[in-house]
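Enquirer: Before we start, here is the structure in question, set down as structure tokens.
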Amino acid sequence: MSALAILHASQLVTLAGPKGPRSGEEMSELAIIRDGGMLMRDGNIGVVGPSDEVKEKAGDVESVDAGGRVVLPGFVDAHTHLVFAGDRLDDFERRARGETYEEIARAGGGIWSTVTRTRVASDADLLEKAKKHANWFLQSGTTTVEAKSGYGLTVEDELKILRVIQRLNRETPLECVPTFLGAHAIPHDSSPDEYVDLIINEMLPRVAQENLAEFCDIFCERGYFDVAQSRKILTAAKNLGLKLRGHVDQLTNSGGAKLLGELGAMTADHLEKTDEQGIAALKSTNVQPVLLPGSVYALGSTSYPRAREMIDTGLAVVLATDFNPGSSPTVSMPMILSLACTQMKMSPAEAITASTINAAYSLGRGEKAGSLEPGKLANFSVFDCEDYRELAYWFGFSRAHSVYVRGKKAS
Ligand SMILES: [Zn+2]
């Protein structure tokens, strides 16, 4: 049996509270223990409390001194495109010259250029690169991520990406929740209808049969998949037992949020252009909004989603990085917290709730991750600051001191 205690956190930010995602005022309640500590056994949390009590119960168990730093649950990043080859430096430079996302895509950049590079990459190359990304996440204090396919767009290439995600799970400390995103773009060599049929008749059955994904996602947007095509794909996925998420209302208000509400999706992601009707649709069916301010920032836009309205309406808001090479090249949840507070007027406490416990519930991991409570996985990060608000306040550099997964140091 392996045991470990951590003592003397200036603030042990536990997020202990009701079972289920937090909404409204609950998002501000972090359940902080001053001079807090934790006792862990076999990768699970046993005791959480003031350091002197934990120390007494720990006896001669090995202990780590947090040295008056902040300890909080490992971040849960509920929206990433972690596996890809190549980069999008040319797009980045074009954007700096003033070209739009859609203009860049028409010029051969965008998702399609990453698809081309990912298709030719070998399994080994893709895995090596993905392991590098996994390490970046851990170094930034993130211990669980959702990871999507979507840069293959053929049966074999989509499966190849999902298998890399499966191996990341086995071979690195980062926990990855796999999502199938075959409906990320329409390949140049097929018609939209042909490709929708391929997803429904060939990709989804293989993904389900080989148990390669827990969720199915779609990019519902002008020039990608319209509401009718998105409904068809998501319905087929649901019938195969997959849970649903969706990229909706990012560039235009297409009614995607309403569709996800109707289908009982777990999350609706992006929502930059979602209006009051979309917000009401999410609320009436309790779909969790996943907000991705990193992509708004990196695209040079100022069109942030209406986080304040969503929280005030009672939605259990989630924040995520949308890590991807094109529109959000960051793994840093602290950077996302900064954007959430400065650009979307969330409080630091709401931002932390949105990136830990609420994110965990949005991935079906709320019973195991996202808070520091007895019985949960001992996944936590130590940050080099004394007050949790510093996580959102200092920006542009990492202050993660150390990161633990299942009670073992992972970074
Ligand atoms: Zn995305």
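The values are calculated or read from the model by the stated rules, or taken from the named source; none is laboratory data. All values reported here derive from a predicted model rather than from experimental measurement. Methodologically, a virtual Cβ is constructed for each residue, glycine included, from the backbone with ideal geometry; neighbour enumeration extends over all protein chains shown. Surface areas here come from the heavy atoms of the whole protein model, side chains and all, with no ligands, DNA or RNA. Shrake-Rupley method; radii C 1.70, N 1.55, O 1.52, S 1.80 Å.
Enquirer: Enumerate the pairs (first residue in segment 279-295 and open to solvent by 10 Å² or more (accessible area, probe 1.4 Å); second residue anywhere and away from the ligand (no atom under 12 Å from the Cβ) and basic (Lys, Arg)) with beta-carbon separation below 6 Å, excluding pairs fewer than 6 apart on the same chain, so at least 6 apart or on different chains.
Expert: ALA281/LYS258
Enquirer: Considering each residue of segment 217-246, count those that are open to solvent by 10 Å² or more (accessible area, probe 1.4 Å), in contact (Cβ under 8 Å) with a residue 12 or more places away in the chain and not polar (S, T, N, Q), and give that number. So that I can check it myself, show each step before the final result.
Expert: First pass over segment 217-246, keeping only residues open to solvent by 10 Å² or more (accessible area, probe 1.4 Å): 222-224, 226-229, 231-232, 235-236, 238-243.
Then drop every residue that is not in contact (Cβ under 8 Å) with a residue 12 or more places away in the chain, which leaves 222-224, 226-227, 229, 231-232, 235-236, 238, 240-243.
The next check asks that each one be not polar (S, T, N, Q); those that pass are 222-224, 226-227, 231-232, 236, 238, 240-243.
The qualifying residues number 13.
Enquirer: Let me ask something else. When you look at ALA85, is it within 24 Å of the chain's Cα centre (by Cα) and crowded, with 16+ Cβ neighbours inside 10 Å, yes or no?
Expert: Spelling it out, ALA85 is indeed within 24 Å of the chain's Cα centre (by Cα) and crowded, with 16+ Cβ neighbours inside 10 Å.
Enquirer: Still on this structure, I have one more. Any chance segment 329-338 includes a residue that's within 16 Å of the ligand (Cβ to nearest atom), buried (at least 20 other Cβ atoms within 10 Å of the Cβ), over 27 Å from GLN139 (Cβ atoms) and not polar (S, T, N, Q)?
Expert: No.
Enquirer: OK, next. Consider only pairs whose beta carbons are under 8 Å apart and that are at least six residues apart or on different chains; among these, list those whose first residue lies in segment 161-185 and is open to solvent by 10 Å² or more (accessible area, probe 1.4 Å) and outside any loop (DSSP other than H, G, I, E, B) and whose second residue is within 16 Å of the ligand (Cβ to nearest atom) and among the small types (Gly, Ala, Ser).
Expert: PRO178/ALA147; PRO178/SER149; PRO178/ALA213
Enquirer: Of all residues being of a type in the set (D, E, K, R) and assigned to a loop (DSSP other than H, G, I, E, B) in segment 222-274, which is farthest from the ligand (Cβ to nearest atom)? Just the residue, please.
Expert: ASP226
Enquirer: Scan segment 307-325 residue by residue and report those that are touching a strand residue (DSSP E or B) at 6+ places or on another chain (Cβ under 8 Å) and touching a residue at least 60 places away in the same chain (Cβ under 8 Å). Please lay out each step first, then the result.
Expert: Here is the first cut: in segment 307-325, the ones touching a strand residue (DSSP E or B) at 6+ places or on another chain (Cβ under 8 Å) are 307, 310, 315-324.
LEU315, ALA316, VAL317, VAL318, ALA320, THR321, ASP322, PHE323, ASN324, listed by residue number.
Enquirer: Outside any helix (DSSP H, G or I) and touching an Asp or Glu at 6+ places or on another chain (Cβ under 7 Å): which single residue out of GLY67, GLY98, GLY109, GLY86 fits that description?
Expert: Selected residue: GLY109, the only one of GLY67, GLY98, GLY109, GLY86 that is outside any helix (DSSP H, G or I) and touching an Asp or Glu at 6+ places or on another chain (Cβ under 7 Å).
Enquirer: To continue, here is another question. Which residues, taken from segment 39-59, are at pLDDT 95 or above and outside any helix (DSSP H, G or I)?
Expert: LEU39, MET40, ARG41, ASP42, GLY43, ASN44, ILE45, GLY46, VAL47, VAL48, GLY49, PRO50
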